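The values are calculated or read from the model by the stated rules, or taken from the named source; none is laboratory data. It should be emphasised that the depicted structure is a prediction, and the values quoted were computed from it without experimental measurement. Ideal geometry is used to build each Cβ from the backbone, glycine not excepted, and the neighbour counts take in all protein chains shown. Surface areas here come from the heavy atoms of the whole protein model, side chains and all, with no ligands, DNA or RNA. Shrake-Rupley method; radii C 1.70, N 1.55, O 1.52, S 1.80 Å.
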Amino acid sequence: MSYAHQDPATASAPRVIDVVAKRFGFEPAQVEVTEGERVRLVVTSADGVHGVEIKKFRVARTVPRGGKAVTIDFVASTPGQFPIVCSEYCGDGHEDMKGMLVVSAKKAR
Ligand SMILES: [Cu+2]
C-alpha cells in the first residue's frame, strides 16, 4: 500500500481551533497555524451578532447571537500574518475588533 499520492494537507485531520467573538475582540486574539494545514475555526459569540472575515483565505461568515457555533474550514496555504476582522457592525468598538491569523512557513525537509 502506498501513500505517495496523498496530499499531506488534505490527508490529515483539520486543526480545530475554538474562537470566541465578543465586544470587542476575538479570543484568542492570535491564531497560529502552519502553512498547508487544514484549519477549522469553530466560532461562537459571547454576546451579539459578529462576523469573521479573513480576506486572504476568502473567509466571511456571520456569527449569530446565542452561542451557536459557526464552523469555518480553510487551508492555510500561504505563510504570513493575516488580519481577522469583524464583518458585522457590532457597536462603538467594532473598528477595533481585530484578531490575527499567523501562518508559519513549513519547515524545509
Ligand atoms: Cu464584532
Within region 8-54, which residues are within 16 Å of the ligand (Cβ to nearest atom), surrounded by fewer than 15 Cβ atoms within 10 Å (Cβ to Cβ) and closer than 12 Å to Ile84 by Cα?
Glu27, Pro28, Ala29
Restricting to region 55-76, and then to whatever is closer than 25 Å to Ser12 by Cβ and open to solvent by 70 Å² or more (accessible area, probe 1.4 Å), can you tell me which residue is farthest from the ligand (Cβ to nearest atom)?
Asp73
Those residues that are touching a Lys or Arg at 6+ places or on another chain (Cβ under 8 Å), part of a strand (DSSP E or B) and of a type in the set (A, V, I, L, M), I need them from region 27-59; list them, please.
Val33, Val39, Val43, Val52
Subset of region 88-106 (residues that are closer than 19 Å to Asp18 by Cα and within 8 Å of the ligand (Cβ to nearest atom))
Met97
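Mind listing whichever residues of region 86-109 are part of a strand (DSSP E or B) and in contact with a Phe, Trp or Tyr (Cβ under 9 Å, 6 or more places away or on another chain)?
Just the residues of region 86-109 that are part of a strand (DSSP E or B), to begin with: 98-104.
Correct list: Lys98, Gly99, Met100, Leu101, Val102, Val103.
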